[in-house]
Structure formats: C-alpha cells, structure tokens
Amino acid sequence: MNTFISYSFKDEAKFDDLCFTLTNHNIVYWNTDEIAAGQVLGDKLREAVTKCAVCVFLATKNSLKSGWCLAEVGAFWGAGKPVIVYLQDSDLGEADLPKQLQRDKWTAKVSEVIKALKVHLAEAAQKERERRSPLVAYKHQSMALYGVKLDGLSAATSDVWLIGATMHHTLENTLGVITDKIIAGVEINMLIADPAGAGFAMTAHSFGQDKEALEGESMRTLKECKRIWSRLEQQADVKGRLDVRLIDEPFPAGVYFYDPQSETGRMLLVPHVPGKDAAEVPVFVFQPSPDGPLEHYFSMYQRVWTRATPFKVWAEANGSYLT
C-alpha cells in the first residue's frame, strides 16, 4: 500500500527530507518523478489518489496557497481516506488549515507522522487482505441463512443459480422476490435432484429421510415453479426467465450463485450434513477471487447443468409426479 504526499513544488527540500525519513522506515510513497514525459499530470495524480491508502499533507504557506494541493487533499478527504497533516511552517496553526482538516490529527513532528502512517497502512493492508479473501461471511443460524439468501436475491442484477436436492424452502420463502426479479430481467436457473431417478433413494438416505418424504419436498419445489410460471404468464413484459432442470446425481451441498461472473457476485455454500436440516449447519458466503471457491464451484456446476434434463422434457416423461 502506497502513501501519497501532497506538497508544493516550492517546498521540494522539505519534501525530500520527508521522503528520506519514509525510506528509512520502509514506507513506500508515490513520487511525481514516476510520471513519464508526455503523460497527463492530472490523470496520473487521479490514479495515485485512487491507489494510495493514505495522504500526508505537507502543510506550508506555499501548499496552502496551491489550488492543486488543496484539490489533492480534498480528493482524499472526499474518498474517506485518512489525511495526516504535517505542519512545516512554525507560524501556521490549525485555523490556517482547510476546514475539512481542522478537526483531524495534525502534527509538527515527523516521528508522529511515521507512527500514524504505520497504523493507517496496516489497517489498509488488512482491509485489502479481507477484500481479496474469497470467504466473506460465515453464518450458523436459520434466520441468518434466510437473510443471506434474500440479500443475494435482492441484489442480483443478471443471473441467479439455485442448486440442491430440493429448493422448497427457498422458493416458498422468496417466491415474490424471485418473481419480481425475473420480471425485471434476472435469469433464475434452478438445478435439483430428479425424484424419478435411480439414485434418488440414495440421496434421501444420505439426508436421513425416507424417499417418500424427499419426493414430497421435490413436488413442493416443482409446484412452486409452476406458480412462478403462472404469475409470469400474467405479466405483459417479462425480461428474465426461470429455467429449471433435474439431474440424477447426489448433492453434497446446497449452492447459491448470485451474479457469479460479476465483481460483486456471491456464492452461498450450505454443506450437507447427514441427518441435519440446512438451518442447523454452517453457511459460508464467498466472493469472486482468482481461481477461488466461487469460480471452482460455478465451473463445476456449469458442466453438471449441461447434463441435466430441462423441466418440460422431464415433465413429459414423468407427468404422474405432478398430479
């Protein structure tokens, strides 16, 4: 994480002294000398303000008269990033500073500047580690599980993937949200276990359920899907769709993808624990990261999706299940 130094070119000697101290403390700073000939200074400075975690304002009579310096400091302040005011003219006081900085920490001691920088840079580095980590949340309560499902659905703008043995709880609890999202243009894709499949009894056994009980949950799921399609048929302008497929394969987890190919995408993972309801087991929420869990699971289930049977095809062969 870099440090941005806002100073007047008329104070270059003071700037050099500060840089020498920063270097001795292994603090990396952004230097205008890095700008190549012909590059637009304003564009590079905006880039630096975006990338740097903290700003040191070298406050002097010259910098306080510089519209450029005040613009730099204002950009950091407006971005919510910390600004450390380093007073370098002995006859300057807090009242001489820009109003947005008058209540902020300021000092005339370089040792305090270094101390504050280390704190802010450590905080920024920790936030960056958290941002890059694929695991962004962990929940272990039924209401928390419902909340993260609803939040994911409500925030989705392109596509949602609901994957599990059955989805009756999800559909029953979020039917209105799902319907509204489809009308607005979101594609809802659902992959569930085939109750007519040869492996369904084994799936039920692994869940600690009778086959007939799990079949009942499957039927509730499919009937909720039919209700959604019926509601959509009554709408004049539906921009999205509900695509349901069934597959005769075991499901080791319930997986929910919300805009999975977006930078703001999320994956909700509910591991399967034999004999336990989903609300009783840990829930993990992941965000996109290079080759992380979201990318791995999404790629895997895309391959499973291509092997699954579309609902209409399945219904033609297994209509008795829907009666």
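The values are calculated or read from the model by the stated rules, or taken from the named source; none is laboratory data. As the structure is a prediction and not an experimental result, all values here were calculated from the model. With ideal geometry, Cβ positions are generated from the backbone for all residues, glycine too; neighbour counts draw on all protein chains shown. In case anyone asks, the SASA skips ligands and DNA or RNA and just uses the protein heavy atoms, side chains included. Shrake-Rupley method; radii C 1.70, N 1.55, O 1.52, S 1.80 Å.
Summary table
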read-out	value
Probe 1.4 Å, all protein chains present, accessible-area order of Trp77, Trp229, largest first	Trp77, Trp229
Using a Förster distance of 56 Å, the FRET efficiency for Val304-Val119 (Cβ separation, nearest 0.05)	0.70
Principal axis dimensions, the stretch 172-323 - Cα atoms, whole angstrom, descending	41, 40, 28
Helix 12-24 vs. the chain, principal-axis angle (Cα, 0 to 90°, nearest 10)	50
Karplus-derived HN-Hα couplings along the stretch 256-271 (A = 6.51, B = -1.76, C = 1.60, θ = phi - 60°), whole Hz, x at Gly and Pro	10, 10, 10, 6, x, 9, 9, 5, 9, x, 9, 10, 9, 10, 10, x
For the stretch 37-157: span of alpha carbons on each principal axis (Å, largest first)	62, 37, 25
Accessible area, probe 1.4 Å, largest first, for residues Met190, Met219	Met219, Met190
Sparse-neighbour loop sites [trypsin sites (Lys or Arg not before Pro); the stretch 84-189; at most 12 other C-beta within 10 Å; DSSP]	Arg103, Lys105, Lys109
Heavy-atom accessible area per residue - the stretch 153-269, 1.4 Å, Å²	43
Overall Cα dimensions of the chain, principal axis frame, Å, largest first	89, 44, 37
Among Phe15, Phe298, Phe284, residue whose mean-square fluctuation peaks in a GNM of the chain (springs only between Cα atoms under 10 Å)	Phe15
HN-Hα J in Hz across the stretch 43-60 - Karplus 6.51, -1.76, 1.60, θ = phi - 60°, x for Gly and Pro	5, 5, 5, 5, 4, 5, 4, 5, 8, 7, 8, 8, 10, 9, 9, 7, 7, 9
With all protein chains modelled, accessible area of Phe20 [1.4 Å, Å²]	140
Rounded accessible area of Tyr256 (nearest 10 Å², 1.4 Å probe)	20
The stretch 228-233 - phi-based ³J(HN,Hα) in whole Hz, Karplus 6.51/-1.76/1.60, Gly and Pro as x	4, 4, 5, 5, 5, 5
Listed residues Lys226, Lys51 arranged by accessible area, highest first, probe 1.4 Å	Lys51, Lys226
Accessible surface of the stretch 71-185 [probe 1.4 Å, protein heavy atoms]: carbon and sulfur percent	53
